[in-house]
Amino acid sequence: MNSSPILEVQNLSKSYGGVKAVNDVSFSINRGEIVGLIGPNGAGKTTSFNTIAGAEKPTRGNVFLEGKNVTGRSTEQLYHMGLLRTFQLSQEYPKMTTLENLMVACKDQAGENIFMNWLSPKKVIQRESKVIEKANQTLEFLGLGNVSSELAGNLSGGQKKLLELGRTMMADAKLILLDEPGAGVNPTLMQKIGDMIIDLNQNRGYTFCLIEHDMELIERLCHRIIVLAEGRILQEGSMEEIRNNSKVVDAYFGSANN
Ligand SMILES: Nc1ncnc2c1ncn2[C@@H]1O[C@H](COP(=O)(O)OP(=O)(O)O)[C@@H](O)[C@H]1O
Ligand SMILES: [Mg+2]
């Protein structure tokens, strides 16, 4: 594991009116790590992802990606720099097939560039078949080959979560922020999503930060855990250290929604 930080978050804050959703949060993620972000509902986990991944501008603070200050850059700019996030609620294109959903996520989509079509149609066709090949390989990796031509809107909740993971694979992301990959997923698929994340991490060099309520999944996957409560970092450490912290236990039991 190379220990240079791929992501550095410095004094990040995000307020909505009087609500300090994220309040002076600083942490870093090293290349090759899987870091868990946990905490009770309303702790500021999703807002942290939103402000890191460009969906919302932070009120204060900075975000560095591979040493470059990327604070306030758009989701799209960050995507081209290798940072991608998935959503707590899956965001597939329901009227497109599973295969097409993967194809449109490909970074090298030739269709993006109309001049390319005009200048070298042959290249476009070559690219297109490469994209299809990559999408098919991704489907195979995810075990979704049998629903390749199914409309994505018809997939089960778990299959949609897998598809989201597949979309990040098509984009050749370096750092992936996963917002509750296990939400609404049955235990068998949960196991599988865990396997995929480990495979992508160990064999393809992906770095992950994941928000998750399922502690078994967190324990299985994460090298390090960050606990958020009321917009602040309560603790950072191993599962063992987190478990032995009474403040963490209080934060969870103090929340009505967990
Ligand atoms: N768009 C928004 N407008 C107003 N308040 C928000 C918005 N998004 C989140 N919040 C508030 O910020 C706090 C943190 O929310 P969130 O980041 O979704 O928490 P978590 O993902 O940890 O459950 C909550 O009090 C929530 O109500
Ligand atoms: Mg959330």
(request) Find the accessible area per residue for the chain; the probe is 1.4 Å, ligands and nucleic acids are left out, and the unit is Å². (result) 49
(request) Using a 1.4 Å probe over the heavy atoms of the protein chains, calculate the carbon and sulfur portion of the accessible area of the chain as a whole percent. (result) 49
(request) As a check on your grasp of the helix formula, calculate [θ] at 222 nm for the chain: sum -39500 (n - 2.57) over DSSP H runs of n ≥ 4, divide by the residue count, round to the nearest 500. (result) -11500 deg cm²/dmol
(message) Under the rule of at least 5 residues apart or a separate chain, name every residue whose amide H is placed under 5 Å from the amide H of L234.
(response) V227, L228, A229
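E140: net charge of surrounding residues, Cβ under 12 Å, Lys/Arg +1, Asp/Glu -1, itself excluded?
Numbers: positive: K134; negative: E133.
Once all neighbours under 12 Å are counted, the net charge is 0.
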(request) May I ask which of K14/K160; K130/K192; K68/K130; K95/K160; K57/K174; K20/K247 have a Cα-Cα span longer than 24 Å here? (result) K14/K160; K130/K192; K68/K130
(message) Less than 15 Å Cβ to Cβ from E230, Lys/Arg counted +1 and Asp/Glu -1: what total charge do the surrounding residues give?
(response) +3
(request) Would you kindly find the accessible area of C106, with a 1.4 Å probe and non-protein molecules such as ligands, DNA and RNA excluded, rounding to the nearest 10 Å²? (result) 10
(message) For a quick check: with amide H placed at 1.01 Å from N, whose amide H comes under 5 Å from M96's, ignoring anything fewer than 5 positions away on the same chain?
(response) A152, G153
(request) Could you tell me what percent of the DSSP beta bridges with both partners in the chain are antiparallel, to the nearest 5? (result) 55
(request) Taking 7 Å along the Cα-to-C-beta vector as the label spot, tell me the K68-R232 distance in nanometres, rounded to one decimal. (result) 3.5
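The values are calculated or read from the model by the stated rules, or taken from the named source; none is laboratory data. No experiment lies behind these values; they were computed from the predicted model shown. Positions of Cβ are generated from backbone atoms using ideal geometry, with glycine treated the same way; all protein chains shown enter the neighbour counts. Protein only, heavy atoms only, side chains kept; ligands, DNA and RNA dropped before computing areas. Shrake-Rupley method; radii C 1.70, N 1.55, O 1.52, S 1.80 Å.
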